[in-house]
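Undergrad: Got a structure here, written out as structure tokens. Questions coming.
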Amino acid sequence: MATYKPVVVQAIPKLGEKITQDTVYWRGYKTPVQIKEFGAVNKIDFSPVPPYNYAVTASSRIHIYGRYSQEPVKTFSRFKDAAYCATYRDDGSLLVAGSEEGSIRLFDIIGKAPLRQFDGHAKAVHVVGFLSDKYRIFSGGDDYSSNLWDIPSATEIVSYSEHTDYVRCGCASKVNADVFITGSYDHTVKLFDARTKSSVMTIEHGQPVESVLLFPSGGLLVSAGGRYVKVWDVLKGGQLLVSLKNHHKTVTCLCLNSSGQRLLSGSLDRHVKIYSTTSYKVVHSFNYATSILSLALSPEDETIVVGMTNGVLNIKHRKPEERKEESQKKRQPAYRTYMKGRTYMPKQEDFCVSKPVKRVLRKYDKLLKSFQSSKALDAVLEPPIRLYTPEVTVAVMQELHRRGTLRSALAGRDEKQINLLLTFVARRVIEPRFTPVLVTVADIITDIYQPVVGQSAIVDRQFLRLQEAIGKEIDYQEELLEVLGMMDTLFATFTKKRDTYVEENKSNGL
């Protein structure tokens, strides 16, 4: 008797994800650490100096976290209502924050009580930041105004009231100490110069602006609002360079990596998209549990911190590279030992002994080997195989049909087993790789169990589902054939026109 040959399962190639250098780089982060805050996290800002602590603004508190600490190392909580937009100065020694009551507070990182308090806004202040000279602060509030403050004297220098809606974002130029930018819900981004009494540039974003960002060179401006991220050339008077629409919901925050070659955007659609600043194409993306309000990247790109609407702070640390090198050095001798002797060629006087390979048969192969066709079919209809590897189930059905025992394997089943079979066939018959086999299975099931139609409501419902699935597929194929006929007609017309054009050129001597 010939040896049994296992069932051959047809391998369908899958389209794998394209692995790029960006994919490898951005996947090189550890499993995230999650910290629950008291409210939605509206701002995260890293200190620009070591040890790169970061300030998290949520509810009425500002927490300062160490880079690897899961507990706050310092807390500023002297706010009557919600705090907004805690931002570090360039030297990392001062912190400024807005508040719901309209005041701006300046804190020393070492102390607890505010060093200065700036009062002048009539409503909540959502935007604060330092100018690059380190002695002035800009702010924007819900009273539609953008103000400039002097730190030593705690007085207002100038106030701009050009926006017609809430001012919710802003940034300062690192190149020019007098330039700062604000974005508003009136769909505009305005560029202010402290030496003038009005804005020097207005850019129409087209959507309520949620975040603005200046490149380190100061020549390019990025604005986010609605589903759009737009890049503008400031040196050309605010010319639009590119408009990106890769998010499904409102984009809430923007961030650049340390080299300025990657732009990150967070959105209410729970995704963080990473763009290349040369091609402005998405090179990678992160998926989070809930909507994202704030995003920050550490100065060395070692930590990604994301704040969400449910008050959860998500922290990802980069995996150390030294351990990888050590592990590779440890594996090298083992690999050489394993490969030792693999390339040895036997000589004429050598006696070769072949080691018998023990073949392990799967459960359905064992049942097929003992000619138990019905039990083999039951084995491949179990949930792990039926749901996750349907190609195995179809391969066994094809083998049973080749043997001529498919009808006997399908016959003699109770209501529950018939329901299971019809559910699988109705779900998978429209897949092109399974259609030839499952159409035959459906015909045999219909022939066998046609006399019992009407005796079970469950079985009748599955037959109707199968009929509906096949009917939809037939309609779909008919529509595709109609479209194919239209395309053939168009292609034929184009060919005739081209031939006529060539003949006319020949007749003209060209």
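Undergrad: Considering (1) at negative phi; (2) assigned to a strand (DSSP E or B), say which one residue 85 fails and leave the rest.
TA: (1)
Undergrad: For segment 60-72, does any single residue satisfy the condition of being touching a Phe, Trp or Tyr at 6+ places or on another chain (Cβ under 7 Å), β-branched (Val, Ile, Thr) and on the phi < 0 side of the Ramachandran plot? Give the derivation first.
TA: Of the residues in segment 60-72, the ones touching a Phe, Trp or Tyr at 6+ places or on another chain (Cβ under 7 Å) are 60-62, 65, 67, 72.
With the extra rule that they be β-branched (Val, Ile, Thr), the set shrinks to 62.
Still in the list and also on the phi < 0 side of the Ramachandran plot: 62.
Checked against the condition, which is being touching a Phe, Trp or Tyr at 6+ places or on another chain (Cβ under 7 Å), β-branched (Val, Ile, Thr) and on the phi < 0 side of the Ramachandran plot, segment 60-72 yields at least one hit.
Undergrad: Moving on. Just checking, which of 252, 309 is open to solvent by 40 Å² or more (accessible area, probe 1.4 Å), within 22 Å of residue 128 (Cα to Cα), in contact with a strand residue (DSSP E or B) (Cβ under 7 Å, 6 or more places away or on another chain) and polar (S, T, N, Q)?
TA: It is 309.
Undergrad: Do we find that residue 72 is touching a residue at least 60 places away in the same chain (Cβ under 8 Å) and surrounded by fewer than 21 Cβ atoms within 10 Å (Cβ to Cβ) in this structure? Spell out how you get there, then give the answer.
TA: Numbers: touching a residue at least 60 places away in the same chain (Cβ under 8 Å): no; surrounded by fewer than 21 Cβ atoms within 10 Å (Cβ to Cβ): yes.
It is false that residue 72 is touching a residue at least 60 places away in the same chain (Cβ under 8 Å) and surrounded by fewer than 21 Cβ atoms within 10 Å (Cβ to Cβ).
Undergrad: Is it true that some residue in segment 426-434 is of a type in the set (A, V, I, L, M) and open to solvent by 50 Å² or more (accessible area, probe 1.4 Å)? It would help to see each step written out before you state the result.
TA: Keep residues of segment 426-434 that are of a type in the set (A, V, I, L, M), which gives 426, 429-430.
Those left that are additionally open to solvent by 50 Å² or more (accessible area, probe 1.4 Å): 430.
Yes, that holds for at least one residue.
Undergrad: Return yes when residue 285 is without any contact (Cβ under 8 Å) to a residue 24 or more places away in the chain and either assigned to a strand (DSSP E or B) or buried (at least 20 other Cβ atoms within 10 Å of the Cβ) (or both) and no when it is not. Outline the logic, then answer.
TA: Numbers: without any contact (Cβ under 8 Å) to a residue 24 or more places away in the chain: yes; either assigned to a strand (DSSP E or B) or buried (at least 20 other Cβ atoms within 10 Å of the Cβ) (or both): yes.
Answer is yes for this residue.
Undergrad: Could you tell me whether any residue of segment 119-127 is at pLDDT 90 or above, more than 35 Å from the chain's Cα centre (by Cα), part of a loop (DSSP other than H, G, I, E, B) and more than 19 Å from residue 197 (Cα to Cα)?
TA: yes
Undergrad: Go through segment 222-246 residue by residue and tally those that are among the β-branched types (Val, Ile, Thr), within 19 Å of the chain's Cα centre (by Cα) and farther than 18 Å from residue 171 by Cβ.
TA: Looking only at that region, the number is 0.
Undergrad: Can you tell me how many residues within segment 174-191 are of a type outside the set (Val, Ile, Thr), under 13 Å from residue 221 (Cβ atoms) and crowded, with 23+ Cβ neighbours inside 10 Å?
TA: Summing the residues that are of a type outside the set (Val, Ile, Thr), under 13 Å from residue 221 (Cβ atoms) and crowded, with 23+ Cβ neighbours inside 10 Å in segment 174-191 gives 3.
Undergrad: Let me ask something else. Is it the case that residue 88 is within 26 Å of the chain's Cα centre (by Cα) and within 19 Å of residue 255 (Cβ to Cβ)? Spell out how you get there, then give the answer.
TA: Values: within 26 Å of the chain's Cα centre (by Cα): no; within 19 Å of residue 255 (Cβ to Cβ): yes.
No, not satisfied.
Undergrad: Right, something else. Can you tell me which of 325, 302 is open to solvent by 20 Å² or more (accessible area, probe 1.4 Å) and at pLDDT below 90?
TA: On the way: 302 fails: at pLDDT below 90.
Result: 325 is the single residue among 325, 302 that is open to solvent by 20 Å² or more (accessible area, probe 1.4 Å) and at pLDDT below 90.
Undergrad: Let me ask something additional. Of these, 110, 157, which one is in the same structural domain as residue 231 (by the TED database) and touching an Asp or Glu at 6+ places or on another chain (Cβ under 7 Å)? Talk me through it step by step, then tell me what you get.
TA: Values: 110 fails: touching an Asp or Glu at 6+ places or on another chain (Cβ under 7 Å).
Only one candidate qualifies: 157.
Undergrad: Quick one: in segment 288-299, of everything that is assigned to a loop (DSSP other than H, G, I, E, B) and touching a residue at least 60 places away in the same chain (Cβ under 8 Å), which residue is least open to solvent (accessible area, probe 1.4 Å)? Full working, then the answer.
TA: Initially, segment 288-299 is screened for residues assigned to a loop (DSSP other than H, G, I, E, B), giving 288-291, 298-299.
Still in the running and touching a residue at least 60 places away in the same chain (Cβ under 8 Å): 298-299.
Working: 298: 2, 299: 50 Å².
Among those that are assigned to a loop (DSSP other than H, G, I, E, B) and touching a residue at least 60 places away in the same chain (Cβ under 8 Å), it is 298.
Undergrad: Moving on to the next point. Can you find even one residue in segment 263-280 that is open to solvent by 60 Å² or more (accessible area, probe 1.4 Å), in the same structural domain as residue 135 (by the TED database) and in contact with a strand residue (DSSP E or B) (Cβ under 7 Å, 6 or more places away or on another chain)?
TA: yes
Undergrad: Now for a separate question. Restricting to segment 449-474, what's the tally of residues that are part of a helix (DSSP H, G or I) and either aromatic (Phe, Trp, Tyr) or in contact with a helix residue (DSSP H, G or I) (Cβ under 6 Å, 6 or more places away or on another chain) (or both)? Steps first, answer last, please.
TA: First, the residues of segment 449-474 that are part of a helix (DSSP H, G or I): 449-452, 457-474.
Next, from what is left, pick out any that are either aromatic (Phe, Trp, Tyr) or in contact with a helix residue (DSSP H, G or I) (Cβ under 6 Å, 6 or more places away or on another chain) (or both): 449, 458-459, 462-463, 465-466, 469.
Final tally of qualifying residues: 8.
Undergrad: In the list 226, 206, 238, which residue meets the criterion of being open to solvent by less than 30 Å² (accessible area, probe 1.4 Å) and under 23 Å from residue 282 (Cα atoms)? Quick ask: steps written out before the conclusion?
TA: Numbers: 206 fails: open to solvent by less than 30 Å² (accessible area, probe 1.4 Å); 238 fails: under 23 Å from residue 282 (Cα atoms).
Exactly one residue qualifies, and that residue is 226.
Undergrad: I'm told residue 54 meets every condition in (1) touching an Asp or Glu at 6+ places or on another chain (Cβ under 7 Å); (2) open to solvent by 50 Å² or more (accessible area, probe 1.4 Å); (3) among the aromatic types (Phe, Trp, Tyr) except one. Can you identify the failing condition by its number?
TA: (2)
Rundown of residues vs (1) touching a Leu at 6+ places or on another chain (Cβ under 6 Å); (2) among the acidic types (Asp, Glu); (3) closer than 20 Å to residue 41 by Cα; (4) assigned to a strand (DSSP E or B), yes/no style:
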{"position": "170", "(1), (2), (3), (4)": "no, no, yes, yes"}
{"position": "181", "(1), (2), (3), (4)": "yes, no, no, yes"}
{"position": "186", "(1), (2), (3), (4)": "no, yes, no, no"}
{"position": "203", "(1), (2), (3), (4)": "no, no, no, yes"}
{"position": "223", "(1), (2), (3), (4)": "no, no, no, yes"}
{"position": "255", "(1), (2), (3), (4)": "yes, no, yes, yes"}
{"position": "266", "(1), (2), (3), (4)": "yes, no, yes, yes"}
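Undergrad: Let me ask you something else. Can you tell me how many residues in segment 341-388 are of a type in the set (S, T, N, Q), assigned by the TED database to the domain that holds residue 422 and loosely packed, with under 13 Cβ neighbours inside 10 Å? Full working, then the answer.
TA: Kept after step one, since they are of a type in the set (S, T, N, Q), are these residues of segment 341-388: 343, 348, 354, 370, 372-374.
This time we only want the ones that are assigned by the TED database to the domain that holds residue 422, so: 370, 372-374.
Narrowing further to those that are loosely packed, with under 13 Cβ neighbours inside 10 Å: 370.
Result for segment 341-388: 1.
Undergrad: So, one more: Output the number of the condition that residue 101 fails; it satisfies all remaining conditions of (1) open to solvent by 20 Å² or more (accessible area, probe 1.4 Å); (2) assigned to a strand (DSSP E or B).
TA: Failing condition for residue 101: (2).
The values are calculated or read from the model by the stated rules, or taken from the named source; none is laboratory data. None of these values were measured; they are calculated from a predicted model. In this analysis, Cβ positions are derived from the backbone assuming ideal geometry, glycine residues included, and neighbour counts consider all displayed protein chains. Heavy atoms of the whole protein, side chains included, go into the accessibility calculation; ligands, DNA and RNA do not. Shrake-Rupley method; radii C 1.70, N 1.55, O 1.52, S 1.80 Å.
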